[in-house]
Every structure is written in C-alpha cells, then in structure tokens.
Amino acid sequence: MMADKAIVIDTNIVSYLRNNTPGYTDKAIERIRDLMENGCSVCVTEQILREFLVTQSNLQKIYNKVDYNQLQADVDYIKSQFPLYYPSGQSVQLLSDYVYRYQLKAKKIHDANIVAVAAANNIKSIFTNNPSDFSFALNEGFEIITL
C-alpha cells in the first residue's frame, strides 16, 4: 500500500468493528490498523452510515429493542474516527453511468453509489468482505481489498 492512499470501508467491515463477530472482528481491526500504519486514510461514505443504521437497527429489532441512544453513539463514533464523504453532482452522474454501463439493478445500486462517491473524491480502493458486490468497479480501475 502506498502512503496517503484513501480507502473506503464497506458496511460489513464497519459492522464487524461494532459487533463482536467471531472470525471477523479481530481480522477487520488488524487489517484497518495495518492499512493506517502504512499511511492509508480509511474513510466511509454517507451510504455506509445509512446501511450501518439499517443493519444495526435490524439486529436490535431481533431482540425486540432498538437502542436509539446506542445507534446515535455508534454513528458519532464512526464520524469521529473516519473521514466522511457525501454524494455530489459528480457522484450522481457517475452512479447513473455505472447503472447504465453495467446494467445494475436493485441492491447493486447501493454498492454503485459507494463506488460513485469514492470515484468523485479520487478514491480508488474499497475494503469489503463481499468483493462480488463491487466486481463491476474493477472495470473502473478500483482495487478491492478483502479480509
């Protein structure tokens, strides 16, 4: 990894950091630590925060109690630890281009939005445990980093 390289971490990685997921949490922490020690900037997009809230509230719903104070604290913590990137006019155009070019549909559009926001901010790396979600991004010059 080269220094000063930005990397977007996917929702699954953020979830591993929050939830003690056997076999994944320690690997995610170690990998992020390695990336940062090698000069990489680890960041998230607004889409990642939204997906994180959906997954965390769904997990909590299973136990019949959504702790909104904890959800807010989690989002505040994520925002304090990682630079946050938002959609822009350029990213919306890129998203539209990706959907058309790769004939994306349904949930793939959420992944394409992450790629579009990253690309609009000159970020060409995504850290995920679901590389198939971003396979189309390889054609756009993205590096997909996995656990």
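Any idea which of Ile78, Ile62 is farther than 20 Å from Ala120 by Cα and modelled with pLDDT under 95? Full working, then the answer.
Working: Ile78 fails: modelled with pLDDT under 95.
It is Ile62.
Please work out which one of (1) open to solvent by 20 Å² or more (accessible area, probe 1.4 Å); (2) farther than 13 Å from Val14 by Cα; (3) in contact (Cβ under 8 Å) with a residue 12 or more places away in the chain is the condition Lys105 fails and give its number.
Failed condition: (3).
Check Ile126, Ile109 and return the single one that is outside any helix (DSSP H, G or I) and among the aliphatic types (A, V, I, L, M).
On the way: Ile109 fails: outside any helix (DSSP H, G or I).
None of the other options fit; the residue is Ile126.
Do you know which residues across region 62-93 are among the hydroxyl-bearing types (Ser, Thr, Tyr), open to solvent by 100 Å² or more (accessible area, probe 1.4 Å) and outside any helix (DSSP H, G or I)? Steps first, answer last, please.
Of region 62-93, the ones among the hydroxyl-bearing types (Ser, Thr, Tyr) are 63, 68, 77, 80, 85-86, 88, 91.
Now drop any that are not open to solvent by 100 Å² or more (accessible area, probe 1.4 Å), which leaves 63, 68, 77, 86.
Matches in region 62-93: Tyr63, Tyr86.
Of the residues in region 17-40, how many are open to solvent by 20 Å² or more (accessible area, probe 1.4 Å), closer than 23 Å to His110 by Cβ and at pLDDT 95 or above? Can you show your working first?
Restricting attention to region 17-40, the residues satisfying the condition of being open to solvent by 20 Å² or more (accessible area, probe 1.4 Å) are 17-24, 26-27, 29-31, 33-34, 36-39.
Pick out the ones that are also closer than 23 Å to His110 by Cβ and you get 17-19, 21, 24, 31.
Remaining after also requiring at pLDDT 95 or above: 24, 31.
So the count comes out to 2.
Cβ-Cβ under 8 Å, sequence separation 6+ or interchain: first residue in region 64-81 and within 23 Å of Val8 (Cβ to Cβ), partner of a type in the set (Ser, Thr, Tyr) and surrounded by 12 or more Cβ atoms within 10 Å (Cβ to Cβ). Which pairs?
Filtered contacts from region 64-81: Leu71/Ser57.
The values are calculated or read from the model by the stated rules, or taken from the named source; none is laboratory data. Because the structure is predicted, anything quoted here is derived from the model rather than measured. Using ideal geometry, Cβ is built from the backbone for each residue, glycine included, and neighbour counts are taken over all protein chains shown. Side chains included, ligands, DNA and RNA excluded: accessible areas come from the protein's heavy atoms. Shrake-Rupley method; radii C 1.70, N 1.55, O 1.52, S 1.80 Å.
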